Amino acid sequence: MAKIPAKLASKAKQISVLLMDVDGTLTDGSVTLASTPDNHALEVKTFDAHDGQGLTLAVTAGLRTGVI
């Protein structure tokens with residue numbers, strides 16, 4: 001693994017919150033439409049497991065996370 005330059009590491013330590021949009025950031029931007037048993041439309045999004053792992057690592061590192 002490449003070593004992070006000291007200047008970049010110093011700046012990164014100042015980050016305390018990671019805010020992100022969901023569509024196209026945590027998903028591939030596609031939308032799947034389905035229906036519930038009582039015939040209501042249901043929008044389903046697929047998330048990548050790597051994104052979940054990244055969020056877990058961010059929280060473990062002490063960052064607060066949020067979705068806009």
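State which residue pairs qualify: first residue within 17 Å of L19 (Cα to Cα) and in contact (Cβ under 8 Å) with a residue 40 or more places away in the chain and inside the range 40-66, second residue assigned to a strand (DSSP E or B) and β-branched (V, I, T) in any location, beta carbons under 9 Å apart, and separation of 6 or more residues or different chains.
Correct list of pairs: A58/T65; L63/V17; R64/V17; T65/V17; G66/V17.
Of the conditions (1) modelled with pLDDT under 95; (2) more than 9 Å from the chain's Cα centre (by Cα), R64 fails just one. Which one is it?
(1)
Could you tell me whether T46 is part of a strand (DSSP E or B) and of a type in the set (S, T, Y)?
no
Return the total of residues in the range 13-41 being more than 16 Å from L55 (Cα to Cα) and either in contact with a Pro (Cβ under 9 Å, 6 or more places away or on another chain) or β-branched (V, I, T) (or both).
3
Identify, from the list V31, V67, the residue that is among the β-branched types (V, I, T) and closer than 26 Å to K11 by Cα.
V67
Is it true that T46 is under 26 Å from Q14 (Cα atoms) and not aliphatic (A, V, I, L, M)?
It is false that T46 is under 26 Å from Q14 (Cα atoms) and not aliphatic (A, V, I, L, M).
For residues that are of a type in the set (G, A, S) and in contact (Cβ under 8 Å) with a residue 12 or more places away in the chain, scanning just the range 1-31, find the one that is farthest from R64 (Cα to Cα).
Filtering the range 1-31 for residues that are of a type in the set (G, A, S) and in contact (Cβ under 8 Å) with a residue 12 or more places away in the chain, the one farthest from R64 (Cα to Cα) comes out as S30.
Specify the residue that is modelled with the highest pLDDT; the eligible residues are those in the range 32-53 that are of a type in the set (D, E, K, R) and within 23 Å of G66 (Cβ to Cβ).
By that ranking, first place goes to E43.
Is it true that some residue in the range 2-23 is at pLDDT below 90, in contact with a Lys or Arg (Cβ under 8 Å, 6 or more places away or on another chain) and assigned to a loop (DSSP other than H, G, I, E, B)?
So far as the range 2-23 goes, yes, one or more of its residues are at pLDDT below 90, in contact with a Lys or Arg (Cβ under 8 Å, 6 or more places away or on another chain) and assigned to a loop (DSSP other than H, G, I, E, B).
Taking the range 1-48, which residues are charged (D, E, K, R) and over 16 Å from the mean Cα position of the chain (by Cα)?
K3, K7, K11, K13, D38, E43 - these are the residues of the range 1-48 that are charged (D, E, K, R) and over 16 Å from the mean Cα position of the chain (by Cα).
The values are calculated or read from the model by the stated rules, or taken from the named source; none is laboratory data. Everything quoted here is computed from the prediction, not taken from an experiment. Methodologically, a virtual Cβ is constructed for each residue, glycine included, from the backbone with ideal geometry; neighbour enumeration extends over all protein chains shown.
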